[in-house]
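See below for the structure under consideration.
Only the coordinates and a few stated rules stand behind these numbers; no lab work does. Bear in mind that the values here come from a model prediction, so they are computed numbers and not experimental data. Glycine gets a Cβ as well: all are built from the backbone with ideal geometry, and neighbour counts include every protein chain shown.
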Amino acid sequence: MQRFYTASARSGLNTNDEESFVSANSLNIAREWLDLIRAQEVPDRLIVIEQIDSGEVTSLCDCGCHGFDFHVPRQAFVRPLQSETRLFCELAFESNFEDEIAVLLFVDAEGYLCRFDVTYGSANAEAMPEGILATRLKYICFSKR
Ligand SMILES: [Zn+2]
């Protein structure tokens, strides 16, 4: 019996995964950050997981951070997040480098995740260093309604 695997529609992405820079933003790196976020005790975690699992990365930031845009299709079973501001929550992690990593989850006007900022150090002044890893969660803050 034959099995078919459907590749999801990510053809618009220029992932540039070939070994060049480990630190360069890529779809694989974005998926790793999504996996890390899934594992955290974020507010409305089940809804966040639903949205991450049903959505997809739509574009990658190329400024040196690991940020990316995200789109969650509007489907009946995917619930929106309740958030007073577009910034749904912020996570800070210690890293294997000197500075910490900030991860910001943004929602659109309807409460669906639309962007993830993943930056190193204060105010995104430096690019993500090659080989950086989140080693420990420092805090999660959010402005839930
Ligand atoms: Zn960026």
message: Just to be sure I understand the filter: pairs with C-beta atoms under 6 Å, separated by 6 or more residues or on different chains, first member in segment 33-49 and within 11 Å of L81 (Cα to Cα) and touching a residue at least 60 places away in the same chain (Cβ under 8 Å), second member assigned to a loop (DSSP other than H, G, I, E, B) and among the charged types (D, E, K, R). Which pairs pass?
response: P43/K144
- request: Could you tell me which of the residues G121, G131, G111 is loosely packed, with under 14 Cβ neighbours inside 10 Å and touching a residue at least 12 places away in the same chain (Cβ under 8 Å)?
  value: G131
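Considering only residues that are within 14 Å of the ligand (Cβ to nearest atom) and in contact with a helix residue (DSSP H, G or I) (Cβ under 8 Å, 6 or more places away or on another chain), which ones fall in segment 25-62? Working first, answer last.
The first filter runs over segment 25-62 and keeps only residues within 14 Å of the ligand (Cβ to nearest atom), leaving 25-26, 29-30, 33, 57, 59-62.
Of everything in segment 25-62, those that are within 14 Å of the ligand (Cβ to nearest atom) and in contact with a helix residue (DSSP H, G or I) (Cβ under 8 Å, 6 or more places away or on another chain) turn out to be V57, L60.
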- prompt: What is the one condition in (1) under 17 Å from I47 (Cα atoms); (2) more than 16 Å from the ligand (Cβ to nearest atom); (3) crowded, with 16+ Cβ neighbours inside 10 Å that S95 does not satisfy?
  reply: (1)
query: When D69 is evaluated against the numbered criteria (1) touching a residue at least 40 places away in the same chain (Cβ under 8 Å); (2) buried (at least 17 other Cβ atoms within 10 Å of the Cβ); (3) within 13 Å of the ligand (Cβ to nearest atom), which criterion, by number, is the only one it fails?
result: (2)
Restricting segment 72-89 to residues that are surrounded by 15 or more Cβ atoms within 10 Å (Cβ to Cβ) and farther than 11 Å from G111 by Cβ, the residue that is nearest to the ligand (Cβ to nearest atom): L87
task: Considering only segment 78-145, give the strands (runs of 3 or more DSSP E) lying wholly within it that have at least 1 residues that are of a type outside the set (V, I, T) and over 16 Å from A30 (Cα atoms).
output: 87-95, 134-142
Count of residues meeting criterion [outside any strand (DSSP E or B) and closer than 21 Å to L133 by Cβ] in segment 63-77: 5
